[in-house]
Structures are given as C-alpha cells and as structure tokens.
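Contents: one structure, followed by commentary.
The values are calculated or read from the model by the stated rules, or taken from the named source; none is laboratory data. Keep in mind that this is a model prediction, so the values were computed, not measured. Neighbour counts run over all protein chains shown; Cβ positions are idealised from the backbone, glycine included.
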Amino acid sequence: MAEILVAYATKMGATKEIAEAVAERIRSAAHQVTVLDVADVESVEQYKAVVLGSALYAARWRPEAVRFLKRNAAALARKPVWLFHSGPLGDDLSSQKAPRKVRELATRIGAEQPATFGGRLTPDTAVGFFAKKMAQGPMSGDFRDWNAIELWANHVAEQLVAAR
Ligand SMILES: Cc1cc2nc3c(=O)[nH]c(=O)nc-3n(C[C@H](O)[C@H](O)[C@H](O)COP(=O)(O)O)c2cc1C
C-alpha cells in the first residue's frame, strides 16, 4: 500500500515534472510514493499524506485540482497535506498568492498556503493557440528552479519522518 500520494494538475506537463521531482526526493527519504494525475485519484483514504500541485492559468488553479480539494476536504483535513503551484514566467519568481478558493480550502484542510515554483512555457511544449503565441515572446523559457523544488521536497520529507 502506498504511503504518500503526490498528485498534480497540468496542461503542458511542467507541473507533472515538478511532482515527479518532489516524489523522487520523498522516495529517497524512504517513503513509498505514488504519483498520479489528480483527475485519476479516486480516493485518498489509503494515503498517509498528500502533496498536491497545480499549474496556474489566469491566476487560477486547474479546475480538477480545485475539485479534488473540495471533494476530499474532510479526508484531507485528517492528514498532513502540502500544496504547491507552478506558474510565474520571467525573472520575478516571488511567491504568487493562491486563488481565494484555494486559500480557503488550504485553511479548511489545515495545510500551509501553497509554495510557488516558476513555470515553463516553451515553443516545443506549449499547448493551444495562446500558449504557442506567448511562447514566442519575452515570457518564453523554463523558470523552474530545481534547487528550490528540492529544498521544499526536503522540507516535506523531514516533516513526514517526524510524523512517523
Ligand atoms: C494562457 C496562459 C495563462 C497563464 N497564466 C498564468 C498566471 O495567471 N499565473 C502564473 O503564474 N502563470 C501563468 N501561466 C504560466 C503557466 O502557469 C506555466 O507555463 C506553467 O508552468 C504551466 O504548467 P503546466 O505545464 O503544468 O500546464 C500562464 C500560461 C499560459 C499559457
């Protein structure tokens, strides 16, 4: 039985890769970890703790991630939960406030507010007309900071060890 769930909501794959890196770090701290697209998670009952990450679009989380938080709020409130989002493109990677609905759900669940990681928008990975257009402009690039992601994953792993 898997101990820890790392779920992600993505459109263009960047958040999935962050989730996989977080899972790898937690796994190396001797936890069993399952990584799933949040849309494929049927229940959280069997997991001891949950990490959820969503891509940001138009300052919103992906709807399937918000639905997951809402639907499982009661069960999640009984477990350690960590949240992150991936979005900011460019040099200003300062923390992006989560949408109000997500902030409220985080509070209800008893989780810290989401960590912010830079996003990725490149011509070869962009999906959709607007994204492809934007990927030709000044916001194009991969702004994911793998050191920051690893540091955060270490923080999660340490708290999981402490909660054993
Ligand atoms: C149309 C569009 C809207 C976006 N809106 C936001 C936004 O409001 N805030 C933000 O931080 N990033 C925004 N981004 C950047 C994406 O969140 C970033 O590219 C992210 O890494 C994509 O994640 P994904 O590959 O997992 O879908 C936007 C990107 C596109 C293409």
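Test of understanding: among 108, 78, 144, which residue is charged (D, E, K, R) and in a helix (DSSP H, G or I)?
That would be 108, the only listed residue that is charged (D, E, K, R) and in a helix (DSSP H, G or I).
Could you please let me know if residue 69 is within 12 Å of the ligand (Cβ to nearest atom) and touching a residue at least 40 places away in the same chain (Cβ under 8 Å)?
So residue 69 fails the test.
Can you say whether residue 5 is within 16 Å of the ligand (Cβ to nearest atom), under 24 Å from residue 108 (Cα atoms) and either buried (at least 23 other Cβ atoms within 10 Å of the Cβ) or modelled with pLDDT of 95 or more (or both), as far as the supplied structure shows?
no
So in the stretch 105-130, with the set limited to residues that are under 27 Å from residue 82 (Cβ atoms) and of a type in the set (A, V, I, L, M, F, W, C), which one is surrounded by the most Cβ atoms within 10 Å (Cβ to Cβ)?
Among residues in the stretch 105-130 that are under 27 Å from residue 82 (Cβ atoms) and of a type in the set (A, V, I, L, M, F, W, C), the one surrounded by the most Cβ atoms within 10 Å (Cβ to Cβ) is 117.
From the list 34, 10, which one is touching a residue at least 40 places away in the same chain (Cβ under 8 Å) and surrounded by fewer than 23 Cβ atoms within 10 Å (Cβ to Cβ)?
That would be 10, the only listed residue that is touching a residue at least 40 places away in the same chain (Cβ under 8 Å) and surrounded by fewer than 23 Cβ atoms within 10 Å (Cβ to Cβ).
Tell me, yes or no, whether the stretch 87-104 has at least one residue that is more than 8 Å from the ligand (Cβ to nearest atom) and buried (at least 20 other Cβ atoms within 10 Å of the Cβ).
yes
Are there any pairs with C-beta distances below 7 angstrom linking a residue in the stretch 106-126 that is free of Cβ contacts under 8 Å to residues at least 40 places away in the same chain to a residue that is among the acidic types (Asp, Glu) and not in a loop (DSSP other than H, G, I, E, B), with the two at least 6 apart or on different chains, and if so which?
122/142
Go through the stretch 111-136 residue by residue and tally those that are farther than 17 Å from residue 58 by Cα and assigned to a loop (DSSP other than H, G, I, E, B).
Of the residues in the stretch 111-136, 8 are farther than 17 Å from residue 58 by Cα and assigned to a loop (DSSP other than H, G, I, E, B).
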